[in-house]
Every structure is written in C-alpha cells, then in structure tokens.
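One structure is given below, encoded as structure tokens.
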Amino acid sequence: MYTGKHAHLRPLQPAFIMASTGEIVTYRELDARSNRLAHLFRNRGLKRLDHYSIFMENNNRYLEACGAGERSGLYYTCVNSYLTASELAYILTNSQSRILITSKAKLDIAREALKECPKVELCIVVDGAGETWPESERIVGLQQATSGLPNTPVADECVGTAMLYSSGTTGRPKGILRPLPEQPPVQNLPIFDFLLKLWHYREGMVYLSPAPLYHSAPQAAVNLTIRSGGTVVIMESFDPERYLELVEKWGITHTQLVPTMFSRMLKLPPQLRKRHDLSFARNRDPRCSPLPRRGQGRDDQMVGADHS
C-alpha cells in the first residue's frame, strides 16, 4: 500500500473508499497517515526486517497499517481476524512481532493474547479515543501514539512486505518469509512486477475488494491498485447483492472473487442479478465469461470468471 509518487501526482484522488459508509481517503491522506505510523515504528526502535502484526476487521485504517511497514523496511503479518486469543498469541510469538495493531472490535481478544506475549512492546488501537487503557500500559490509541509525528517519509525509507501465514491444516500455521532486498519502496518487488502484468493493473483503475484483507490475494490486489494509482473500494464484509450494486455505483474495472462468492450471486433472483450495469468490469481471460450484463448471458457463465 505504498502511495509513492501518486501522493504528489494525484493527491486528491481517492486512494480507497469504504463501501458501507462511502468514506473517502485520498492519496494525500493515506500518505500522511502511513508516514506518521512509520515514524512511530522508528521511534519505538523498529528497524529494517523487524516484525509487527495487524489483527482487525476490514476498516478505514487497515491500509495505512500495512503501508507504514512497506515504507519502513518491515515485515508485517496480517492475522486472521477470527482467531482466538491463544491462536493470535502463537502467531505474535512465532513472528517475533514487536507491535500489534488492532481495533476496538478485536481489543478483548488482543488483550488476552498479550498476556502470553511479553515481547510485544506496544498494542495500537486504530479507532481508540487516544487514552491509555488502564489494563495495560502497552495499549494506546492510534491518534495518541502518532500525534505530532511528521507526515513526511522517514529518513531511511526502504521497502517492506507482508509475511503471511499458512492455514495450519497440517499442524501449526507457518509464516512464509520471503527475501526482502534492501531497496527503496518505490521499486517493486519482483513478485509485484509479475502480478502487475498478469492482472493488467493500470492508473485510473477501480478495484472492488470483497474479501478479508488478511488474505494473501486481497493483500496483493489492493497493494498493486494503490501502487498503480488506482482506487480501491473496500467491502467490510461480502454481500452478493451489495457487491453488484457497488460494481455499478463506482464503475468497478477490476475485482477478485472466490467460487463461494459466485455461488451466492448465482442464488440471487434473476431480476436482482440483472438489475445492475456491470459493463465497466472487463474480463482479462478470453476463456472465461464475464458476469452477465443486464439482459445478457447465461447463469452458468458467472462461474470461474476472473474480472479485471
């Protein structure tokens, strides 16, 4: 979620929009927020290749929580927001995270996990009121923690990346630690250069993100949209009819769906599925058929489509 040159080229363009509220955060705002958080990391002694974790639902502070690490050379782990306290504690310890970023909605679980994680030095609550919680001196509000910090890049800005975990179906989840070259954040990692070409990302694109941001695919897609100078529309949770409304409302050009989401849309009454203009979304793979537009296509053409 590195804003880079786009914070200067398109400062007032929406970097992302929250689907439920319509809240818009511009490139200028996202750049300033992620810079302030990056300065906080440095002030807390985090240096290149150190770790922190993010444990919260899709919300309006998620992208800056990731973006701050991407511009300060850190690994960040986006934790499944449905984990229990003990499961969260395992990942915090295993990843050697020094900071945890969470939300009010997840604070009770985070607080329990922190009891097992003495090496986590600070827990930041993104929608906290700015006070310190009496239960733990380690828990502070984001506004309080970043107040007065610069909104310009840290002096030693360098690229960071996500370190995500496997699902743990054959034992404990395992962190996937990719090599992180020492280079400026404006320079893409090789995997991102590959995905940019594969997914046909470009300036001006509008990406609809319907999935939890702790998953690897939404992580990469949202990241590349911001790096490309596009706009992301973030759904807090997936609803099939709402998804179709958003495609039409925001002129969505790119999106990413899993089969279950297609299945839920197919179960909608035909009049609901055909009510919205989906012509903005173009299919990148000629072997797949796009979502049927109003009055066009067969129901089974939805399945397997990947739109971009």
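The values are calculated or read from the model by the stated rules, or taken from the named source; none is laboratory data. Keep in mind the model is a prediction, meaning the values are calculated, not measured. Here Cβ is always computed from backbone atoms with ideal geometry, including for glycine, and neighbour counts include all displayed protein chains.
Please list, ordered by residue number, the helices (runs of 4 or more DSSP H) wholly in region 48-121 having 1 or more residues that are touching a Gly at 6+ places or on another chain (Cβ under 8 Å) and under 23 Å from ILE226 (Cα atoms). Lay out the reasoning, then the answer.
Working: elements: 62-70, 85-94, 107-114.
The qualifying helices (runs of 4 or more DSSP H) are 62-70.
Residue check: is PHE262 aromatic (Phe, Trp, Tyr) and out of contact with any Lys or Arg (no Cβ under 9 Å at 6 or more places or on another chain)?
Working: aromatic (Phe, Trp, Tyr): yes; out of contact with any Lys or Arg (no Cβ under 9 Å at 6 or more places or on another chain): yes.
For PHE262, the condition - aromatic (Phe, Trp, Tyr) and out of contact with any Lys or Arg (no Cβ under 9 Å at 6 or more places or on another chain) - is met.
Before we move on, is VAL140 at pLDDT below 95 and either among the basic types (Lys, Arg) or touching an Asp or Glu at 6+ places or on another chain (Cβ under 9 Å) (or both)? So that I can check it myself, show each step before the final result.
Values: at pLDDT below 95: yes; either among the basic types (Lys, Arg) or touching an Asp or Glu at 6+ places or on another chain (Cβ under 9 Å) (or both): yes.
When the stated conditions are applied, VAL140 passes them.
Search region 124-134 for residues being surrounded by 15 or more Cβ atoms within 10 Å (Cβ to Cβ) and either at pLDDT 95 or above or of a type outside the set (A, V, I, L, M, F, W, C) (or both), and hand back the single one that is farthest from the chain's Cα centre (by Cα). Steps first, please.
Going through region 124-134, the residues surrounded by 15 or more Cβ atoms within 10 Å (Cβ to Cβ) turn out to be 124-128, 133.
If we keep only those that are either at pLDDT 95 or above or of a type outside the set (A, V, I, L, M, F, W, C) (or both) too, we end up with 124-128.
Values: ILE124: 17, VAL125: 17, VAL126: 14, ASP127: 16, GLY128: 20 Å.
So, considering only residues that are surrounded by 15 or more Cβ atoms within 10 Å (Cβ to Cβ) and either at pLDDT 95 or above or of a type outside the set (A, V, I, L, M, F, W, C) (or both), the one farthest from the chain's Cα centre (by Cα) is GLY128.
Taking region 178-216 on its own, how many of its residues are of a type in the set (A, V, I, L, M) and part of a strand (DSSP E or B)? Don't jump to the end; show me each part of the working.
Our first condition is that a residue be of a type in the set (A, V, I, L, M); within region 178-216, this holds for 180, 186, 189, 191, 195-196, 198, 205-206, 208, 211, 213.
Subset that is part of a strand (DSSP E or B): 206, 208.
The total comes to 2.
Filter region 232-274 for residues that are in a helix (DSSP H, G or I) and of a type in the set (Lys, Arg); which is nearest to VAL206 (Cα to Cα)?
Here is the first cut: in region 232-274, the ones in a helix (DSSP H, G or I) are 240-250, 259-266, 270-273.
Those still in the list that are of a type in the set (Lys, Arg) too: 242, 249, 264, 273.
Working: ARG242: 16, LYS249: 11, ARG264: 23, ARG273: 21 Å.
If we take residues in region 232-274 being in a helix (DSSP H, G or I) and of a type in the set (Lys, Arg), then LYS249 is nearest to VAL206 (Cα to Cα).
Filter region 19-74 down to the residues that are in contact with a Cys (Cβ under 9 Å, 6 or more places away or on another chain) and among the hydroxyl-bearing types (Ser, Thr, Tyr) and list them by number.
Hits for region 19-74 are SER34, SER53, TYR62, SER72.
At pLDDT 95 or above, among the hydroxyl-bearing types (Ser, Thr, Tyr) and crowded, with 20+ Cβ neighbours inside 10 Å: which single residue out of TYR75, TYR82 fits that description? Outline the logic, then answer.
Details: TYR82 fails: crowded, with 20+ Cβ neighbours inside 10 Å.
Residue meeting the stated conditions: TYR75.
Take the residues of region 1-23 that are under 15 Å from the mean Cα position of the chain (by Cα) and not in a loop (DSSP other than H, G, I, E, B): which is surrounded by the fewest Cβ atoms within 10 Å (Cβ to Cβ)?
Narrowing region 1-23 to residues under 15 Å from the mean Cα position of the chain (by Cα): 1-3, 15-19.
Of the ones still in play, those that are also not in a loop (DSSP other than H, G, I, E, B) are 15-18.
Details: ALA15: 28, PHE16: 27, ILE17: 20, MET18: 17.
Top of the filtered list is MET18.
Within region 35-90, how many residues are over 13 Å from the mean Cα position of the chain (by Cα) and not aromatic (Phe, Trp, Tyr)? Before the answer, list the steps.
Here is the first cut: in region 35-90, the ones over 13 Å from the mean Cα position of the chain (by Cα) are 35-52, 71-75, 82-90.
Those still in the list that are not aromatic (Phe, Trp, Tyr) too: 35-40, 42-51, 71-74, 83-89.
Here the count works out to 27.
What number of residues in region 161-177 are under 19 Å from the mean Cα position of the chain (by Cα) and assigned to a loop (DSSP other than H, G, I, E, B)?
6
Please find, among ASN59, ASN94, the residue that is in contact (Cβ under 8 Å) with a residue 12 or more places away in the chain and closer than 28 Å to LEU208 by Cβ. It would help to see each step written out before you state the result.
Working: ASN94 fails: closer than 28 Å to LEU208 by Cβ.
Only one candidate qualifies: ASN59.
What pairs can you find where one residue is in region 205-221 and in contact (Cβ under 8 Å) with a residue 60 or more places away in the chain, the other is among the charged types (D, E, K, R), and their Cβ atoms are less than 9 Å apart, with a gap of 6+ or different chains?
Partner pairs satisfying both residue conditions: PRO212/GLU57; LEU213/GLU57.
Determine whether ALA38 is touching a strand residue (DSSP E or B) at 6+ places or on another chain (Cβ under 8 Å) and either assigned to a helix (DSSP H, G or I) or more than 16 Å from LEU164 (Cβ to Cβ) (or both). Outline the logic, then answer.
Numbers: touching a strand residue (DSSP E or B) at 6+ places or on another chain (Cβ under 8 Å): yes; either assigned to a helix (DSSP H, G or I) or more than 16 Å from LEU164 (Cβ to Cβ) (or both): yes.
Answer is yes for this residue.
Cβ contacts < 6 Å: first residue more than 11 Å from VAL206 (Cα to Cα), restricted to region 4-18; second residue surrounded by fewer than 19 Cβ atoms within 10 Å (Cβ to Cβ) and of a type in the set (A, V, I, L, M), any location; separation 6+ or different chain. Result?
GLY4/VAL186
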